[in-house]
Structures are given as structure tokens and as C-alpha cells.
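Worksheet for the structure shown next.
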Amino acid sequence: MHASEAPARLQPVLRTRTTTPPASRLTLVVAALAATAGLSACQVASPITTDQPYDPADGVSLDTDDVSVRDLLVISEGNGTPGAIVGYVVNNSEEPLSVEVALESEGARTVLTPAVEIATDSAGRLDGRAAEGEFVNPVLAAEIPGLPGGLVDVRITTSTGEATSTSVPVLPPDGIYANYAELLGGGDAATATE
């Protein structure tokens, strides 16, 4: 600071209070309540999707009183070529069950073999795939109508006589299903993905 300069002075800060008239405050409160009610009403028109059952895999689900079938699909090149029925069957009954799979097409039903035996409170795979990756007694079809990407009608019947049908997707034996190529007579899995 130079000797000729005067020291700076601070000016007092003046606070002015603005008051909102009571009518304006009431309008703001009503607007806030209306916005809250309006935004929370989205829940009414849009159900919680995590509460909706869905199939998180390529196949479809099928339920009867006796069994629950998950990830039901067919692996095939289609157009009359062989196919493997894939699915996981859970026995919900209090007795061992035999589960029979059939293809339905144009009014005809083709029962596939073998029937799958499921113990009480147990589960089994229709494709017979064991933990080691081997196929033991898979349910196979001699010919699958249509092409991959299409649907075929599959009927599941239990030894208690319960039966239900659904349309299931047909997928080619490549990608994650390449290991089915050899099972279906198409060579080893390595050549199926080329």
C-alpha cells in the first residue's frame, strides 16, 4: 500500500427480506403436492417388471401339477433333419414319474424315445446331458419340421396322465449349442461352428 492511498472501507451488507404473500406460498405447496402425486402415479400405470415371470434363457417354460419344465427347446438344422429335445424337468409330485415327449405337427403326434424317469423331489435333463458333458439317453427326434428360428409344438405327458403342449423354438447346433452337432450326426462340434 502506498502512503498516498487511503485504506479501503468495508460497506455494510444490507439484507433485505422478501416475503412471499400467503396466497403464493399456498400455490407453491399445492403445486409441489400435485407434482408429487402426479409423478408417483407412474407406478399405477407401469407394473413392476421384476415381479413378472419370464424365461431368461433361449427355451420356454411349461408347468403342470406334477412337473415344471424349464428351458425347453429343440436343437436341429431343421427341414427334416434330426433334433435333440433340450429341457430341465423338475418332479413336483410325491412319487417317481416317467416323462414322455412328443412332437405335434399337422394333427399328428410323434412320441419320442426314451421317456425320462424322474425320482421324487428330483430333476433331470431331457437331452440326457451329464455333468461331464456326455449325453446319456437323450430324447431325440428323427426329423424336425421347419427351420432354425421357427417353432415346433411339443407335448409333455407324465406317467400320471397329465399332459400339456406348447410351441418351442428350434435353434441350430452352433454357438453355445455346437456340442449337439455330433449327437445329431453332423460331425464334431469344432466343424459345426465353421
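The values are calculated or read from the model by the stated rules, or taken from the named source; none is laboratory data. Computed from a predicted model, the values in this text were never measured in an experiment. Reconstructed Cβ throughout: ideal geometry from the backbone, glycine too, with neighbour counts over all protein chains shown. Calculation scope for accessible area: heavy atoms of the full protein, side chains included, ligands and nucleic acids excluded. Shrake-Rupley method; radii C 1.70, N 1.55, O 1.52, S 1.80 Å.
Looking at the chain, identify the longest residue range that excludes and avoids all trypsin sites (Lys or Arg not before Pro) in DSSP loops having at most 15 other Cβ atoms within 10 Å.
The segment 18-194 is the longest one with no such site.
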Item to check | Charge tally in the Cβ shell below 13 Å around ASN137, where Lys, Arg are +1 and Asp, Glu are -1, ASN137 excluded | outcome: -1
Next on the checklist: Sort GLU117, GLU162 by heavy-atom solvent-accessible area, probe 1.4 angstrom, most to least.
Outcome noted: GLU117, GLU162
Checklist entry - Roughly how big is segment 96-194's charge dipole about its Cα centre, with Cβ charges of +1 (Lys, Arg) and -1 (Asp, Glu), in debye to the nearest 20? => result 200 debye
Checklist entry - Across segment 119-125, in residue order, what do the Karplus-derived ³J(HN,Hα) couplings come to in whole Hz, using 6.51 cos²θ - 1.76 cosθ + 1.60 with θ = phi - 60° and x for Gly and Pro? => result 5, 4, 6, 9, 9, x, 9
Checklist entry - Size of segment 135-186 along its principal axes in angstrom, Cα-based, largest extent first? => result 35, 27, 20
Checklist entry - Which order do THR158, THR64, THR120 take when ranked by solvent-accessible area (1.4 Å probe, heavy atoms of all protein chains), largest first? => result THR120, THR64, THR158
Checklist outcome for this item: Projected convex hull area of the chain, Cα atoms, direction-averaged, in nm², equals 28.6 nm²
Item to check | Principal-axis tilt of helix 22-40 within the chain, Cα atoms, nearest 10 degrees | outcome: 10 degrees
Checklist entry - Where only protein heavy atoms count, and the probe is 1.4 Å, what is the accessible area per residue for the chain in Å²? => result 65 Å²
Checklist entry - How big is the accessible area of GLU100 in square angstrom, nearest 10, if you roll a 1.4 angstrom probe over the protein chains? => result 70 Å²
Checklist entry - Relative contact order, percent, of the chain when contacts are C-alpha pairs under 8 Å separated by at least 6 residues? => result 19 percent
